[in-house]
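All remarks here apply to the structure that follows.
Laboratory data are not the source of any read-out in this text; all were calculated from the coordinates shown. These figures come from a predicted structure and were not determined experimentally. Note that we place each Cβ from the backbone using ideal geometry, even for glycine, and neighbour counts take in every protein chain shown.
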Amino acid sequence: MIIPYFIIIPLLAAFLITLIAGEKDDWAIILSIIAVISLLILSLFSYITMHTETLTYYMSSWKIPVGIVLVQDALASFMLVLVSIISLTSLIFSISYVRNLSSDWKYYSLFMLLVAGMNGVIITGDLFNLFVFVEISIFAAYALVAYGGKAEEFEASFKYAVMGSVSSTIVLLGIAVTYSATSTLTLAKIGEQLPSINSNIKLWIGGLFVAGFGLKAAAMPFHAWLPDAHSSAPAPISAMLSGILIKILGMYVLVRIFFNIFDAPQFFLNIFLIIGSISMIVGVFLAVGQWDFKRLLAYHSISQMGYIFLGFGLSTTLGILGGVFHLLNHALFKSLLFYNAGAVETVTGTRDLRKLGNLTKIIPTTSNTSMIASLAISGIPPFNGFFSKLIIIIAAIEANQPVYALIAVIGSIFTLASFMKVQRYGFRSEKKADVNGKSIDWKMNFAMITLAVLCVATSLMIIPGIREIALDPVVDVLKNKTLYIQLVMGK
Amino acid sequence: MIVYLLCFILFLVGIYGILTKRDLVKIILSIGIMGYAANLMLILFAYRNNSIYPILSEGKAVSQMVDPLPQALVLTSIVIELGTTAMLVALALRLYEKYKTFDITKIRRLKG
């Protein structure tokens, strides 16, 4: 039984770090790297060997109506692999980046709590347990956003914490209503009870969950906290937040609840489509005008989350495939872009694109990988972003929703425009940039090159042979909707 | 029915406070009010008229008891709220050190 280890390993690492780390961070680094590598091996192993299987684990062997159940299916394994890849590269990037801020072990302890919370959210099959894990990871995120200790960081962290607690309270209210209607907290059991309850109550539950988790996913009407929090955090943490945290706490939970438990009611799919298209277009318009590199990237996160919402909202096989694929791709290239921003900030001491200049000669790896990531996010073939956006646009046309397809194309064009601005001003202008003598070491370069290679390599997942093994089991979990309930309850 | 409505109004009072108050401490208190409303809602859902406390003993039938599970959930959620409040107060103190004010409208270096 490997399922509980996805929570045990990072939690154990987080607490061991506080015990054995002395003044310096050497042991903390070693322990956290070991923990994340073992998570990567475990998750890759289960992703490759499991295919369409669904594993369940009963905590302390209390059976379903009483105890907490952990569920791992193809979708969960896919997300676990994603979390492990991004957190490994982020940790490697952190080593020298965080030493510029301070050199103590608290960063790594909080980082492991963040990973533990996200892994818990992915594999839990119990609604209240999910809420607790959401709180664990988001608490670590508040602290990590404020880690640098500058005034702006406290400001961003405070805003983030206020919005986060509002969304958590709304989710808790949703859980209360769900429990009163169904008398259970196990997700699969709730799904069994749902068809028999009043449709007004279903609307209440759905509405509270859309508002609560939509806030965490930073969909458009609820987006205000994201640009502040994601641009003020240390660069590797921005990559974690933008790359995976908003997807796990927001998108994954919404998809799990509305597809596998609620059987994808059309009313909520329409909400997905509408908030998706609004986020897509408004996010990119706000991004074009930004001059702060990381703030620009943060606004793009809102816009790209819109594509994922749109793909899932279409709810056809092709739409779900596009959503899942874009979720993976966005995590890869957005994290890479945040590492680039962090590297640029390390070398030049600024994030203002107007003050940057010809960086290609000074930091060639950074500027070349940022080129790859910019092309990928703008949807230029042969990079991964092109294929996932293409799938979503084709799916929209196939589902007779040409308006959404048009919005997606327009969003993509403006994305290209804003990243041309980044490349033109930030990396390839004539002007000579001021450098402060600090250099990018091999660990930072390694993290960036790994993700750049993955950006190109994941575009191979579109080839039918590989797609059938890698992505189709994940899509099947969502396409079969309430089959999840039978698989979990059937054992 | 009226108690649920009152409880929901308490929740809305919390949201109103977060949206309109300018003082950091008042915002933190509003978040606390929202949390209390959600906890109260859980306890209200578990309550039944003329029922007894959920402890098994001689002569007490299970069917007469209130539901104990939401009470356990509320304990957990109170602990989480304690953590949230402590975190927010710590951040507010640090913000006061940096900006010398608790007024949220004067704390705006981040914009755009």
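Annotations for the structure displayed:
- For region B:2-99, the fraction of C-alpha pairs more than 19 angstrom apart is 55%.
- Rounded to the nearest 500, the helix-only mean residue ellipticity at 222 nm of the protein assembly as shown stands at -23000 deg cm²/dmol, with each DSSP H run of n ≥ 4 adding -39,500 (n - 2.57).
- Highest mean packing first, where packing is the average number of other Cβ atoms within 10 Å per residue, the peptides A:367-380, A:203-216 line up as A:367-380, A:203-216.
- Cross-link reach list, lysines versus residue B:21, counting only Cα pairs under 29 Å and skipping chain neighbours closer than eight places: A:150, A:159, A:216, B:98, B:100, B:106, B:111
- In order along region A:260-272, the phi-based Karplus estimate (6.51 cos²θ - 1.76 cosθ + 1.60, θ = phi - 60°) of 3J(HN,Hα) comes to 7, 9, 8, 6, 6, x, 4, 4, 6, 5, 5, 4, 4 Hz; Gly and Pro are listed as x.
- Theoretical gain in end-to-end length, residue B:10 to residue B:55 [0.36 nm per residue, Cα-Cα removed]: 13.2 nm
- For the protein assembly as shown, DSSP calls about 90 percent of its internal beta bridges antiparallel.
- Equivalent-ellipsoid semi-axes for region A:5-489 (Cα gyration tensor, √(5λ), whole Å, largest first): 34, 26, 20.
- Test item: A:155-163 mean partner chain Cβ contacts at 10 Å: 6
- On the beta carbon distance between residue B:1 and residue A:409, with R0 = 30 Å, the FRET formula returns roughly 0.05.
- With a cut-off of 15 Å between beta carbons, the residues surrounding residue A:137 carry a summed charge of +1, where Lys and Arg count +1 and Asp and Glu -1.
- Projected label points at residue A:100 and residue A:30, each 7 Å from Cα along the beta carbon direction, are separated by 2.7 nanometres.
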